[in-house]
Every structure is written in structure tokens, then in C-alpha cells.
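The values are calculated or read from the model by the stated rules, or taken from the named source; none is laboratory data. Just so it is clear, the model here is predicted, and its values are computed rather than measured. Cβ atoms come from the backbone with ideal geometry, glycine included; neighbour counts cover every protein chain shown. These area figures cover heavy atoms from the full protein model, side chains too; ligands, DNA and RNA do not enter into them. Shrake-Rupley method; radii C 1.70, N 1.55, O 1.52, S 1.80 Å.
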Amino acid sequence: MKIMIVDDDKTTRKILGLYLVSSGYEPVYAENGLDAIEKLAYNEVDFILTDLNMPYMDGLELTKTLRADSSFKSVPIMLITTEDDDIDRELAFEAGANGYMVKPVTAEAVTRNIKNILKL
């Protein structure tokens, strides 16, 4: 299963990637929403983990853009962000996100949330 990690912080991408590999997933990396859209043109992914705050295109805009495209309507999207705010959480779900986690996160929490979302 391929999971795209969208985060402008290289260290965060690397850590999340290690979490995914240790759980048997194959990570695909993007630096922001625009980069993610470009890479999705030639990478088929089963799940997307995205940060909220990024340059060029943030996680909310990425989620809205993907939900408007029939090719990505059913791909689960989970935001992983430092924003522990009810308003940001609500906006994420309104945009079409399937999950929301607040950093810092553990490998176990990330994989548990991915599995729970996939069950739905």
C-alpha cells in the first residue's frame, strides 16, 4: 500500500516515512500541496497524510482540490499538524479529511489511525 506524505519539513517527512516503512507501507513524498498534485499525476496512492500549514498550497486546499477531483474522491486523507484547534479540525473535516492528528505523533498512533480510517 502506497501512502503519500505531504509536509514542507524534511525531517517530518523522513520520520513519518520511517513509521510507514516499519508498518509495511510504501511512502511517497511531497513538499507541499502543489508538489503533491504534480506527483499524484504519476503515482497511484492509497492514502494521503498531509500537514496543514505549508507554502504554495496548504493541507486544506490540497484536501479540497482532491475532493473536487473524481479520481481522488475516495482516497483517504488524514491531516497531521501542530494545530490543536477545534476550528482547524472542523475546517479539515469540512474540506473532506477523514482524520486529524496533532503533532508530535507516534508510529503506533499513526498506523492505528490509518487502519481505523481504512476500516471505514
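Of the residues that sit in the range 61-72 and are among the polar types (S, T, N, Q) and exposed (fewer than 14 other Cβ atoms within 10 Å of the Cβ), which one is farthest from THR12 (Cα to Cα)?
Top of the filtered list is SER70.
Hey, among TYR42, TYR19, TYR29, TYR56, which residue is modelled with pLDDT of 95 or more, of a type in the set (Ser, Thr, Tyr) and outside any helix (DSSP H, G or I)?
Every option except TYR29 fails the conditions.
Return the residues of the range 89-120 that are without any contact (Cβ under 8 Å) to a residue 40 or more places away in the chain, in a helix (DSSP H, G or I) and surrounded by 11 or more Cβ atoms within 10 Å (Cβ to Cβ); say none if nothing qualifies.
Passing the criteria: ARG89, GLU90, LEU91, PHE93, GLU94, ALA95, ALA109, ARG112, ASN113, ASN116.
If you take the residues in the range 74-88 that are touching a residue at least 12 places away in the same chain (Cβ under 8 Å) and not β-branched (Val, Ile, Thr), which one is surrounded by the fewest Cβ atoms within 10 Å (Cβ to Cβ)?
Per the stated criteria, the residue is ASP84.
Would a scan of the range 41-60 turn up a residue that is over 13 Å from the mean Cα position of the chain (by Cα), of a type in the set (A, V, I, L, M), open to solvent by 60 Å² or more (accessible area, probe 1.4 Å) and under 16 Å from MET4 (Cα atoms)?
yes
For the range 28-39, which residues satisfy the criterion of being open to solvent by less than 60 Å² (accessible area, probe 1.4 Å), under 23 Å from LYS115 (Cα atoms) and out of contact with any Ser or Thr (no Cβ under 8 Å at 6 or more places or on another chain)?
Across the range 28-39, the qualifying residues are VAL28, ALA30.
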